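Working notes, beginning with the structure itself.
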Amino acid sequence: MTDIKKSILVVEDEPTLSAILCEYIEHAGFTAHSLSDGALVVNFVKEVQPDLIILDLMLPNKNGLDIYREIRTFSAVPVMMATAKIEEIDRLIGLELGADDYICKPYSTREVIVRAKNILRRNDKALDVHHSGLVVDELAMAVTYQRERVSLTATEFRILAFLYKNSGKIYSRDQLMNHVYSDHRVVADRAIDSHVKNLRRKLMEIEPALDCIKSVYGVGYKFDAV
Ligand code: CA
């Protein structure tokens, strides 16, 4: 069986840093791609479809934030955002962009590789669920289990799609609300709880093993591979 190497795209305009990172990535058994020009990233991602992107925030021609937003319109590829400014990280988290991880420069290359491996492993888990028969199709806004349609409300779908895409990560009720209600309307915490409760019930009615949305006491919710 041929084992296809996973590929990681490094978007970094500092040549030395980029070269070191790529070297570590290759050494860890992945294929490394690198780009330094922000304007080239979106098309490259469409074409090459890397498994993970390490994205610098300050880039020539197009900044990382704009790139990230554009990528999210067509791809759920995990993105690790890198920045030299602590304040920027706060802002990113405040925006709830949902980037899979944030790294602060200067960073340890070793640490970046460890995190990259974790993210890729998390994604594999999500893929396993896919193979077990649960399919979350964001374009069609449809969820099926072994080809059987799971009937969800729009809000339930958004919650499931978001947790599924970010499988293994825990999100607070606030974070979920910000994601689910893009108009930032004020909704009681309990509203999210009741949506999640209905969602879990619907999934488990179809297959008791689909108990994949876990509540983490005092923190929030996460999607676990079944
Ligand atoms: Ca830069």
Point to revise | Flag for residue 47 being under 22 Å from residue 121 (Cβ atoms) and without any contact (Cβ under 8 Å) to a residue 24 or more places away in the chain | key: no
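Checking the condition hydrophobic (A, V, I, L, M, F, W, C), modelled with pLDDT under 90 and open to solvent by 10 Å² or more (accessible area, probe 1.4 Å), which residue from 97, 59, 92 passes?
Numbers: 59 fails: modelled with pLDDT under 90; 92 fails: open to solvent by 10 Å² or more (accessible area, probe 1.4 Å).
Of the residues listed, the single one that is hydrophobic (A, V, I, L, M, F, W, C), modelled with pLDDT under 90 and open to solvent by 10 Å² or more (accessible area, probe 1.4 Å) is 97.
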Exercise for review: Only residues that are among the polar types (S, T, N, Q), within 14 Å of the ligand (Cβ to nearest atom) and open to solvent by 30 Å² or more (accessible area, probe 1.4 Å): list them for the range 1-42, please.
Suggested key: 16, 34, 36
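For the range 43-53, check the following and say yes or no: at least one residue is within 16 Å of the ligand (Cβ to nearest atom) and more than 20 Å from residue 109 (Cβ to Cβ).
For the range 43-53, residues within 16 Å of the ligand (Cβ to nearest atom) and more than 20 Å from residue 109 (Cβ to Cβ): absent.
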Point to revise | Matching residues in the range 1-36 - criterion: being farther than 19 Å from residue 105 by Cβ and assigned to a loop (DSSP other than H, G, I, E, B) | key: 1, 2, 3, 4, 5, 6, 28, 29, 30
Review point. Out of the residues in the range 64-89 that are within 12 Å of the ligand (Cβ to nearest atom) and surrounded by fewer than 17 Cβ atoms within 10 Å (Cβ to Cβ), which is modelled with the lowest pLDDT?
Key: 85
Practice item. Can you work out which of the residues in the range 176-194 that are at pLDDT 85 or above and open to solvent by 40 Å² or more (accessible area, probe 1.4 Å) is nearest to residue 151 (Cα to Cα)? Key: 194
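The values are calculated or read from the model by the stated rules, or taken from the named source; none is laboratory data. Treat the numbers as computed from the prediction; the structure is a model and nothing was measured. As a convention, Cβ positions derive from the backbone with ideal geometry for all residues, glycine included, and neighbour counts pool all protein chains shown. These area figures cover heavy atoms from the full protein model, side chains too; ligands, DNA and RNA do not enter into them. Shrake-Rupley method; radii C 1.70, N 1.55, O 1.52, S 1.80 Å.
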